[in-house]
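Worksheet for the structure shown next.
The values are calculated or read from the model by the stated rules, or taken from the named source; none is laboratory data. Here the structure is a predicted model, which is why all the values come from computation and not from measurement. Note: ideal-geometry Cβ built from the backbone for every residue, glycine included; neighbour counts use all protein chains shown. Surface areas here come from the heavy atoms of the whole protein model, side chains and all, with no ligands, DNA or RNA. Shrake-Rupley method; radii C 1.70, N 1.55, O 1.52, S 1.80 Å.
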Amino acid sequence: MKREGIIFIISAPSGAGKTSLCKEVIDICQGVRHSVSYTTRQARPGEVHGRDYYFVSSEKFRSMADSGEFAEWAEVHGNLYGTAISTLEEYRNNNVDVILDIDCQGAHQLKQRFAGGVFIFILPPSFHELRRRLDRRNSDTEAVIERRILNAGAEIRESRWYDYIIVNDDFKQALNELKSVILAERCRTARVLESISKKFDI
Ligand code: 5GP
């Protein structure tokens, strides 16, 4: 059945488990892809240009932003990140559902711009657990962790305007909930009607 691709926008404070949930749901849900963003941050070991991000210079990013090539963009933790309009159009036109793993500022821009997006917020079970997860990562300094915890408060307050909130306490359950949201959104009457109307004369 043909229908326009859906844009799923997923945000969360750092440490809520968003990246793992997004990766896993793409593995278990057919027809969902990860949108590749542009960023000015350095590639981490193992990251591949064009697969994880398009890694570009600040000059290139700024010139793309100035010429209106981004559907949204924002500065996150000192680096620039953005989603190209061309990326979204390609997915939409090919009837592919896409997950945008982006921060709240970018999500807010898309909320104002696109009518059909589905906004999902991933919450940690508590601040205590968030700190425990960030500590356990062992990759950040104490100052960075403190900053992320501080930012998390403001980010979590943004969750009120998202369409869905998923609490990632038990990973399997959170994954199940995320998958269920994707499957349910695919069945929305407004998305399905056009493709079935001729067949059933409705
Ligand atoms: P990281 O550098 O760890 O991959 O991502 C840092 C943050 O940037 C995450 O919160 C991620 O969701 C956000 N991010 C990644 N891509 C984009 C994007 O295209 N736009 C915006 N606004 N945020 C993004």
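Taken along the Cα-to-beta-carbon direction at a fixed 7 Å, the label points for Ser197 and His34 span 3.7 nm. Summing charges over neighbours of Gly78, with a neighbour being any other residue whose Cβ is under 11 Å away from its Cβ, gives +1 when K and R count +1 and D and E count -1. For the chain, the longest principal axis of the alpha carbon atoms and the long axis of helix 104-113 meet at an angle near 30°.
Length gained on full extension, Arg132 to Ala115: 2.4 nm, using 0.36 nm per residue less the C-alpha separation. Assuming a ≥ b ≥ c are the square roots of the Cα gyration tensor eigenvalues, decide whether the chain counts as rounded (a/c under 1.5), prolate (otherwise, with a/b larger than b/c) or oblate. Cα axes put the chain in the oblate bin.
Remark: accessible surface ordering of Leu100, Leu123 (largest first) is Leu123, Leu100, probe radius 1.4 Å. On the basis of the beta-carbon distance and an R0 of 22 Å, Arg3 and Lys179 show a calculated FRET efficiency of 0.75.
In this structure the chain gives 58 Å² per residue of accessible area when probed at 1.4 Å with all protein chains present.
Mean residue ellipticity at 222 nm, helices only, the chain: -14500 deg cm²/dmol; runs of at least 4 DSSP H residues each add -39,500 (n - 2.57), and the sum is divided by the number of residues. With a threshold of 31 Å on the Cα-Cα distance, the over-threshold entries among Lys2/Lys111; Lys172/Lys198; Lys18/Lys198; Lys2/Lys23; Lys179/Lys199 are Lys172/Lys198; Lys18/Lys198.
Between Ala43 and Ala65, the modelled label-to-label distance comes to 2.3 nm, taking each label 7 Å out from Cα in the direction of the beta carbon. Principal-axis analysis of the Cα atoms of the chain puts helix 142-157 at an angle of about 40° to the longest axis.
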